[in-house]
Amino acid sequence: MTKIVNHWIGGKSADGASGTFGPVTDPATGAVTTKVAFASVDEVDAAVATAKEAFLTWGQSSLAQRTTILFRFRALLDEHRDEIAELITAEHGKVHSDALGEVARGLEIVDLACGINVQLKGELSTQVASRVDVASLRQPLGVVAGITPFNFPAMVPMWMFPLAIACGNTFVLKPSEKDPSASVRLAELLTEAGLPDGVFNVVHGDKVAVDRLLEHPDVKAVSFVGSTPIARYIHTTASANGKRVQALGGAKNHMLVLPDADLDAAADAAVSAAYGSAGERCMAISAVVAVGSIGDELVEKIRERAEKIKIGPGNDATSEMGPLITKVHRDKVASYVEGAAAEGCEVVLDGTGYTVDGFEDGHWIGISLLDKVPTSAKAYQDEIFGPVLCVLRAETYEDGLALINASPFGNGTAIFTRDGGAARRFQLEVEAGMVGVNVPIPVPVGYHSFGGWKDSLFGDHHIYGNDGTHFYTRGKVVTTRWPDPADGPAGVDLGFPRNH
């Protein structure tokens, strides 16, 4: 019997009423295992109305109440992390250890939300004028929405909703329809932790659900992670409807390898960062820039390591890389490799013909490595989102830096070198929001914010960290004068208020 994933509205499962369902496949077998309900406009409106009603009390709740619930949720999340990882593997395909890592990174933001008291402290200045005090404080927005991608079905929602609800907002999540089960399990655990009904809601669906959230007058802010074209659309549409927006887009992350680098360490890092999670992550290294004469040696070291990666079902403990999310995506990734030679690339490894015995209908693709890639090649220009690594050559540090800065993306980047001066120059001169020095995937910890530059971010706020708290709250300044009981009437004064 096919499993059905329904919405979560008002603290309980809500059957899909639209009559429209989407298929969810097991990427390792290609079989449809689940149907997910797609929300109509009316169903989205019902979720928003429920969240709006819940905000009347949740927005006035004490910080102690909110953090107590979040501490309980954290304990439940830790207790059920294997179960959530299994849901991720079943619908996304990533190996179990990678899925566990995703849950762990989400837990970091729950930890941050549990300590939200410090982030929400206001400021007070006394005696700015005679018996006048000025206080700054931050208040929740109301109903906020999150629209999240398939590649991290637990982590990315947890980059959003723990901080949002800790700040006093209520939340409507529209997760990816390709792997929806983890989001519903998170909702169940929040309810078990004591979160009041309606504070966290999940609606599944496609563009119908997304567009309604973007235009709904009661949704005050929208958080999004996904591709650059959709991020631009989200930002433009939601902003036009008067909403606060943080929309994180795509990436083409470069790793600059200088001639003095430890090439074994650089090769290890390149393979891990390019092929981990089958390359389906916005912080994957997809372009290595080899500087000077090291290119041939570095490519050979990468090839040696890449050929040893074991590809198989995500629930097989010996697998290091799983399948891609859908057959359509698998075929799109393969097309970049199949057309690479004609565009001037040297195909060192071609993984397009890979399959796994006993799982022939799965969405499999092997490791691909392209060398001497021209910047005009589609494999370089586009975000592939698969296990394809491009190696480009540069004569000097300056040439490599210029190549990186010419990219329209500016999400993450890394430099591998033993030269501290070169590393310092790079971190100041490179045009990207997150920089690693001998660290290939520089994803910030929870108390620093995550976000890129250029076409990798639309909106003023990065996600989680201090930026996350500011995004989910708005500032208010209160100026107060209390008369002294001994004072008589002050009289009328039409002049500008005096501060001395």
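Residue check: D484 meets all listed conditions (1) outside any helix (DSSP H, G or I); (2) open to solvent by 70 Å² or more (accessible area, probe 1.4 Å); (3) in contact (Cβ under 8 Å) with a residue 60 or more places away in the chain but one, namely (2).
Please state which one of H92, H96 is crowded, with 24+ Cβ neighbours inside 10 Å and either basic (K, R) or in contact (Cβ under 8 Å) with a residue 24 or more places away in the chain (or both). Before you say what the answer is, go through the steps one by one.
Numbers: H96 fails: crowded, with 24+ Cβ neighbours inside 10 Å.
Sole residue among the options that is crowded, with 24+ Cβ neighbours inside 10 Å and either basic (K, R) or in contact (Cβ under 8 Å) with a residue 24 or more places away in the chain (or both): H92.
Every condition in (1) open to solvent by 10 Å² or more (accessible area, probe 1.4 Å); (2) in a loop (DSSP other than H, G, I, E, B) is met by W364 except one, and the failing one is (1). Just to be sure before I move on: is L107 over 30 Å from G366 (Cβ atoms) and either surrounded by fewer than 18 Cβ atoms within 10 Å (Cβ to Cβ) or in contact with a Lys or Arg (Cβ under 9 Å, 6 or more places away or on another chain) (or both) in the structure I sent? Yes, satisfied.
Here's the yes/no breakdown for (1) closer than 23 Å to D399 by Cα; (2) over 27 Å from the mean Cα position of the chain (by Cα):
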| position | (1), (2) |
| --- | --- |
| R281 | no, no |
| A287 | yes, no |
| G295 | yes, yes |
| P323 | no, no |
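Of the listed requirements (1) open to solvent by 10 Å² or more (accessible area, probe 1.4 Å); (2) farther than 18 Å from T191 by Cα; (3) in a helix (DSSP H, G or I), V44 misses just one: (1).
Pairs meeting the criteria (first residue in segment 154-182 and closer than 23 Å to D211 by Cα and acidic (D, E), second residue in a loop (DSSP other than H, G, I, E, B) and open to solvent by less than 10 Å² (accessible area, probe 1.4 Å), beta carbons under 6 Å, at least 6 apart or on different chains) are E177/H204; D179/P153.
A single entry from G122, G115 fulfils the requirement of being touching a strand residue (DSSP E or B) at 6+ places or on another chain (Cβ under 7 Å) and farther than 30 Å from R330 by Cα: G122. Among the conditions (1) in contact (Cβ under 8 Å) with a residue 40 or more places away in the chain; (2) among the aromatic types (F, W, Y); (3) within 30 Å of V328 (Cβ to Cβ), the only one that W58 does not satisfy is (3).
Sort through T89, T67 and tell me the only one that's in a helix (DSSP H, G or I), over 30 Å from E215 (Cα atoms) and touching a His at 6+ places or on another chain (Cβ under 6 Å).
Values: T67 fails: touching a His at 6+ places or on another chain (Cβ under 6 Å).
When all the criteria are applied, what remains is T89.
Residues in segment 130-150 that are open to solvent by 10 Å² or more (accessible area, probe 1.4 Å) and touching a His at 6+ places or on another chain (Cβ under 9 Å): R138, F150.
Suppose we filter segment 159-202 for residues that are closer than 20 Å to R244 by Cβ and not aromatic (F, W, Y); how many remain? Break it down stepwise before answering.
Applying the first criterion (closer than 20 Å to R244 by Cβ) to segment 159-202 yields 159-174, 199-201.
Still in the running and not aromatic (F, W, Y): 160, 162-170, 172-174, 199, 201.
Of the residues in segment 159-202, 15 are closer than 20 Å to R244 by Cβ and not aromatic (F, W, Y).
Within segment 1-22, if we keep just the residues that are assigned to a loop (DSSP other than H, G, I, E, B) and open to solvent by 80 Å² or more (accessible area, probe 1.4 Å), the residue that is farthest from V143 (Cα to Cα) turns out to be M1.
Among the residues in segment 23-33, are any part of a helix (DSSP H, G or I) and surrounded by fewer than 22 Cβ atoms within 10 Å (Cβ to Cβ)? No - not one qualifying residue is present in segment 23-33. Scoring K476 on the criteria (1) loosely packed, with under 12 Cβ neighbours inside 10 Å; (2) under 19 Å from V289 (Cβ atoms); (3) of a type in the set (D, E, K, R) leaves a single failure, condition (2). For segment 367-380, the set of residues classified as in a loop (DSSP other than H, G, I, E, B) and farther than 16 Å from A334 by Cβ consists of K372, V373, P374, T375, S376, listed by residue number.
The values are calculated or read from the model by the stated rules, or taken from the named source; none is laboratory data. Keep in mind that what you see is a predicted model, and the values were worked out from it rather than measured. Note: ideal-geometry Cβ built from the backbone for every residue, glycine included; neighbour counts use all protein chains shown. We work out accessible area using only protein heavy atoms, side chains counted, and drop any ligands, DNA or RNA first. Shrake-Rupley method; radii C 1.70, N 1.55, O 1.52, S 1.80 Å.
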